[in-house]
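Following: one structure in structure tokens, then a few remarks.
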Ligand SMILES: CCC(=O)SCCNC(=O)CCNC(=O)[C@H](O)C(C)(C)COP(=O)(O)OP(=O)(O)OC[C@H]1O[C@@H](n2cnc3c(N)ncnc32)[C@H](O)[C@@H]1OP(=O)(O)O
């Protein structure tokens with residue numbers, strides 16, 4: 001276990017759960033810290049030799065933090081070879097209110113925060129690079145670190161009353177889990193600067209107009225079921241094809257043109273003459 005993970009594990013409160021549907025190949029990760037609008041992690045506990053947690057529900061129990069649980073789940077999904085899609089969501093009709101302000105208040109050392117943001121940033125990078133087409137289902141608020149988590153998914157689907165805000169500047173910091181880099185790569189410097197430096201709240205309509213949200217759903221309906229149906233449009237078919245397609249997109253976004261072409265050809269040739277390819281060919285003859 002690395003030092004950042006060790007530190008994070010001592011922050012208790014909330015949980016992250018995984019529900020894998022073998023039939024559809026779609027998994028759902030749910031963030032659950034209802035009392036704190038799904039903020040990430042609780043406080044250090046006295047038990048852990050650090051600060052006294054006032055959160056009596058969790059005091060003294062070293063249950064492992066939400067980010068460590070999320071990291072473990074992402075590792076588990078790396079070996080889910082029949083999986084095709086993933087939805088990241090929050091319980092209680094809200095996505096995530098970011099880092100737990102109480103916890104953040106107690107991490108004042110830049111060195112410690114550098115290593116913690118490295119751990120979280122790597123987890124989110126691993127999430128984005130899973131060979132699963134992944135989507136953040138944003139209901140309610142996605143703020144600060146919550147907005148960064150949403151941004152690490154391939155797609156964002158938002159309820160019509162949802163809001164996204166990179167509030168970091170108002171908190172006296174900047175993004176630290178990779179969303180700043182993602183925003184610049186997606187929009188270029190000017191638009192990314194405008195979003196980050198204004199730290200403004202963007203509603204679902206604006207997110208859709210910007211191309212951040214791919215779909216808006218009515219909040220009064222069962223948005224999880226609607227998101228599963230929406231995602232199914234992209235995950236339909238042979239898992240090998242869906243997974244190679246996603247792997248090719250990941251390679252193209254990270255590697256040089258030449259290296260990415262090599263990966264693309266490799267992934268393509270893996271599928272050539274395969275069951276799905278032969279079946280599709282026969283149906284066209
Ligand atoms: C890595 C960088 C970061 O992520 S910095 C953190 C950025 N996040 C924020 O600044 C969000 C702060 N929270 C808010 O603005 C509001 O609580 C939001 C999420 C808009 C919800 O408002 P509202 O529906 O009125 O509920 P509320 O404020 O009464 O909150 C209910 C209880 O939840 C708590 N809560 C909420 N967010 C956090 C958080 N990030 N960390 C710790 N606790 C949080 C509130 O304090 C409140 O607790 P309590 O019921 O008063 O005990």
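Read-outs throughout are calculated quantities, based only on the coordinates presented, and are distinct from any laboratory measurement. Bear in mind that the values here come from a model prediction, so they are computed numbers and not experimental data. No Cβ is skipped: glycine too gets one built from the backbone with ideal geometry, and neighbour counts run over all protein chains shown.
Using only the alpha carbons, work out the radius of gyration and Dmax of the chain in angstrom.
Considering the chain through its Cα atoms, Rg and Dmax are 19.7, 71 Å.
Taking 7 Å along the Cα-to-C-beta vector as the label spot, tell me the residue 258-residue 23 distance in nanometres, rounded to one decimal.
5.0
Quick one: length gained pulling residue 226 to residue 285 fully straight, 0.36 nm per residue minus the C-alpha distance?
Going from the current span to full extension adds 17.7 nm.
With each label point set 7 Å from Cα along the Cα-Cβ vector, what nm distance links residue 266 and residue 92?
Rounded to a tenth, the inter-label distance reads 4.5 nm.
Choose one answer from 115, 128, 256: the residue with the largest mean-square fluctuation in a GNM of the chain with alpha-carbon springs under 10 Å.
Judging by the Gaussian network model, the answer is 256.
Between residue 276 and residue 35, what length comes free when the chain is fully extended (0.36 nm per residue of separation minus the Cα-Cα distance, one decimal in nm)?
82.0 nm
Tell me the label-point distance for the pair residue 109, residue 126, using the 7 Å Cα-to-Cβ offset, in nm and rounded to one decimal.
Spacing of the two 7 Å Cα→Cβ label points: 2.3 nm.
Given the options 110, 218, 239, state which has the largest fluctuation in a GNM of the chain using a 10 Å cut-off (strictly under) for Cα springs.
Answer for the Gaussian network model of the chain: 110.
Under a GNM of the chain (C-alpha, springs under 10 Å), which listed residue has the highest mean-square fluctuation: 230, 272, 80?
272
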